[in-house]
Amino acid sequence: MNIQVDHIDSRGNQNNRNFHLTRVGFAKHLAIAGQRYSPHLSKFFRTLGMFFHYSAYIQRNAFNNDRFSEPPIALSDPTEKNQFSNLAGKAIADFLSKRIDNSLYTVNYEAAMRILGHKIIGQRPDLIAFSRQSMFALEAKGRSQGNSGNMANHKAQSGTGPIPVNFSVACVSYDLYNQVKCNYHDPYNDNVPYDNTTLSATSRIYYSGLSEFLNEKFFEINDVEIQGEKFIEINLSYRTMERIFKDEIPPLRPFHYFELFEFYRPSLILPNDIRVFARDGITNEINPFNFEQSQKDNLYVDNDRVGLRIRR
């Protein structure tokens with residue numbers, strides 16, 4: 001999928017840009033957004049169910065033609081479509097924060113508020129992102145309509161909330177089912193000191209949840225090298241999931257579970273230092289991992305060093 005982006009930076013400079021997002025890449029961003037940026041092994045089947053539930057919106061032919069698909073009219077549900085559009089908007093915002101502002105890590109804004117002891121009241125943006133130089137907030141929207149709506153309102157909401165940030169971004173993806181377009185507008189805020197404490201605290205939860213997959217009793221775990229850097233690859237076989245979640249898989253074992261694992265043979269990519277990240281979190285001294293997509297449509301590694309591989 002190619003995403004047409006209208007980018008306005010903090011100085012008011014406007015540029016039309018294009019970014020390519022693969023289905024595997026979208027799957028990573030959608031899965032994390034769907035788990036409110038707090039992944040755990042226990043949420044795996046919830047994530048899997050989300051993909052089956054929304055599979056009608058991510059059909060390959062439509063995706064490769066720069067749009068999302070829609071279910072047949074007989075199965076159409078406006079509420080469901082709005083829910084998917086919202087998740088897709090957050091996933092695209094997460095992706096673009098990495099490509100445009102080179103963020104290393106993103107977290108749900110409300111989760112950061114809870115960790116910092118703020119009351120969950122009033123308006124707030126969707127995400128906080130951390131690059132090496134700055135912290136910024138993102139208000140993320142996904143719209144089926146052919147326009148972005150009132151960007152002034154979206155930009156105003158991106159600047160709300162009690163957590164000080166260096167700047168805020170309104171990221172609105174629209175025309176999702178015809179040709180995906182996005183406004184990524186950066187209204188300027190006063191500079192504030194970098195908050196490594198929040199980055200460490202929230203990222204510790206993020207990586208500790210993912211570290212639950214480091215269980216050699218259940219998973220085949222291998223060391224791999226990607227672009228000269230070491231990673232851990234965890235094979236997600238159907239038989240493994242059947243043992244772990246034996247009480248959650250219906251006795252008749254629906255074919256689609258078997259089909260997903262046996263056909264795609266997915267694996268989870270984790271940073272080599274994930275045990276350290278799970279214990280201490282990360283700081284802005286860590287460089288984001290800049291994955292070179294090239295022709296590797298079956299592999300995607302995000303700036304936070306978490307990725308997916310499929311072998312079909």
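The values are calculated or read from the model by the stated rules, or taken from the named source; none is laboratory data. Owing to the predicted nature of the structure, the values given are computational and were not obtained by experimental measurement. Positions of Cβ are generated from backbone atoms using ideal geometry, with glycine treated the same way; all protein chains shown enter the neighbour counts. The protein model used for the area step is the full one, side chains on, heavy atoms only, and it has no ligands, DNA or RNA in it. Shrake-Rupley method; radii C 1.70, N 1.55, O 1.52, S 1.80 Å.
For the stretch 157-228, with only Lys/Arg (+1) and Asp/Glu (-1) charged at the beta-carbon, what is the dipole magnitude about the Cα centre, in debye rounded to 20?
On the way: 3 positive and 9 negative charges, 51 e Å.
Using Cβ point charges on Lys, Arg, Asp and Glu, the stretch 157-228 gives about 240 debye.
Tell me, what is the 1.4 Å probe accessible area of residue 135, in Å² to the nearest 10?
10 Å²
What size of dipole, in debye to the nearest 20, comes out for the stretch 117-188 about its Cα centre when the only charges are +1 on Lys and Arg C-beta atoms and -1 on Asp and Glu C-beta atoms?
Working: 7 positive and 4 negative charges, 20 e Å.
Rounded to the nearest 20 debye, it is 100 debye.
Going down the list 90/181; 28/98; 90/119; 90/141, which pairs span over 18 Å between their C-alpha atoms? Present the calculation step by step, with values, prior to reporting the outcome.
Numbers: 90/181 14 Å; 28/98 13 Å; 90/119 23 Å; 90/141 7 Å.
In this structure, 90/119 lie more than 18 Å apart at Cα.
When the Karplus curve 6.51 cos²θ - 1.76 cosθ + 1.60 is applied with θ = phi - 60°, which whole-Hz ³J(HN,Hα) does each residue of the stretch 80-88 get, with x for Gly and Pro?
Calculated HN-Hα couplings, in order: 4, 4, 5, 5, 5, 4, 5, 5, 4 Hz.
In whole Hz, with x marking every Gly and Pro, tabulate ³J(HN,Hα) for the stretch 111-116 from phi via Karplus 6.51 cos²θ - 1.76 cosθ + 1.60, θ = phi - 60°.
4, 5, 4, 4, 5, 7
So if each residue of separation counts as 0.36 nm, and I subtract the Cα-Cα distance between residue 16 and residue 121, what length gain in nm does that give? Don't skip to the answer; put the middle values down first.
Details: separation 105, 0.36 × 105 = 37.80 nm, distance 3.61 nm.
Net length gain for the segment: 34.2 nm.
List every residue whose amide H lies under 5 Å from the amide H of residue 103, counting only residues 5 or more places away in sequence or on a different chain, with H placed 1.01 Å from N in the peptide plane.
98
Let me check something: with ligands and nucleic acids excluded, how do 308, 21 order by accessible area (1.4 Å probe), largest to smallest? Walk me through the numbers on the way to the answer.
On the way: 308 45, 21 0 Å².
Ranked list, largest accessible area first: 308, 21.
Applying the Karplus parametrisation 6.51 cos²θ - 1.76 cosθ + 1.60 with θ = phi - 60° to the phi angles of the stretch 170-186, what ³J(HN,Hα) value in whole Hz is obtained for each residue in order, glycine and proline being reported as x?
Listing the rounded values in order: 9, 10, 10, 9, 9, 6, 4, 9, 10, 7, 4, 10, 8, 9, 10, 10, 10 Hz.
Based on alpha-carbon atoms only, what is the radius of gyration of the stretch 147-209 relative to the globular estimate 2.2 N^0.38 Å?
For the stretch 147-209, the normalised Cα radius of gyration comes out at 1.44.
Roll a 1.4 Å probe over the protein heavy atoms and report the accessible area of residue 143 in Å², nearest 10.
60 Å²
Please give the solvent-accessible surface of residue 160 in Å², to the nearest 10, using a probe radius of 1.4 Å with every protein chain present.
That residue has around 40 Å² of solvent-accessible surface.
Magnitude of the Cβ-charge dipole of the stretch 74-226, K/R +1 and D/E -1, about the Cα centre, nearest 20 debye? Could the numbers behind the result be given before it?
On the way: 14 positive and 16 negative charges, 96 e Å.
So the dipole magnitude of the stretch 74-226 works out to roughly 460 debye.
Heavy atoms only, 1.4 Å probe, whole protein assembly: order 194, 206 by accessible area, highest first. Before the final figure, lay out each step's value.
On the way: 194 60, 206 5 Å².
Largest to smallest exposure gives the sequence 194, 206.
Taking amide hydrogens as modeled 1.01 Å from N in the peptide plane, which residues meet the under 5 Å criterion relative to residue 181, leaving out close sequence neighbours?
Sorted by chain and number, the residues that satisfy this are 174.
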